[in-house]
Amino acid sequence: MSKHTAGEWRIGRSTEQVFANGSIVADCMWIDRPTNECIANASLIAAAPELLEACKEALKARLITHYGDDPLLSMLHFAIQKAEVAP
């Protein structure tokens, strides 16, 4: 697995592009999609590194306090794996 681009991910001036360290990480503008949907997609992508870190911290905390079959643990494991494992 390779690591994602380091640094703060932010939405560019066009509001449909996501940048990290001055380079485009994602371009969410599609001809057949409404602009507000493209902006929402860019916002979600820009938040991805923080969301991944939050999932990892929540998983650690949940593992300390819960045992056995726990749907939240499964959700956290799935989200982290989806973010970190290349298809």
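In a Gaussian network model over the chain where Cα atoms closer than 10 Å are linked, find which of A46, A20, A61 has the largest mean-square fluctuation.
A61
Whole-Hz ³J(HN,Hα) for each residue in the stretch 31-37, computed from phi via Karplus 6.51 cos²θ - 1.76 cosθ + 1.60 with θ = phi - 60°, x for glycine and proline: what do you get?
My calculation for the stretch 31-37 gives 4, 8, 10, x, 4, 5, 5 Hz in order.
Can you compute 3J(HN,Hα) from phi for each residue in the stretch 4-17, using the Karplus curve 6.51 cos²θ - 1.76 cosθ + 1.60 with θ = phi - 60°, rounded to whole Hz and x for Gly and Pro?
6, 4, 6, x, 6, 8, 9, 7, x, 4, 6, 6, 10, 10
What is the distance in Å between the Cα centres of the stretch 14-38 and the stretch 43-69?
Using only Cα atoms, the two centres lie 25 Å from each other.
Just to confirm the number: angle between the C-alpha axis of helix 71-84 and the first principal axis of the chain, 0 to 90 degrees, nearest 10?
Roughly 40 degrees between the two axes.
What is the list of residues in the stretch 35-58 whose amide nitrogen lies under 17 Å from a point 7 angstrom out from the Cα of S14, following Cα to Cβ?
It comes to 35-46, nothing else.
Between G68, G12, G22, find the one with the highest GNM mean-square fluctuation for the chain; connect C-alpha pairs within less than 10 Å.
Greatest mean-square fluctuation among the candidates belongs to G68.
Given only helices, namely DSSP H runs of n ≥ 4 each adding -39500 (n - 2.57), what is the per-residue ellipticity at 222 nm of the chain, to the nearest 500 deg cm²/dmol?
The helix contribution divided over the chain gives -18000 deg cm²/dmol.
Report the net charge of residues surrounding A47, where surrounding means a beta-carbon distance below 13 angstrom and charges are Lys +1, Arg +1, Asp -1, Glu -1.
Spelling it out: positives minus negatives among the neighbours equals -2.
What span do the alpha-carbon atoms of the chain cover on each of the three principal axes, reported in whole Å from largest to smallest?
Answer, in whole Å and largest first: 47, 27, 23 Å.
No value in this document is a laboratory result; all are computed from the given coordinates. Just so we're clear, the structure is a prediction, and the values are computed from it rather than from any experiment. So basically every Cβ, Gly included, is an ideal-geometry build from the backbone, and we count neighbours across all protein chains shown.
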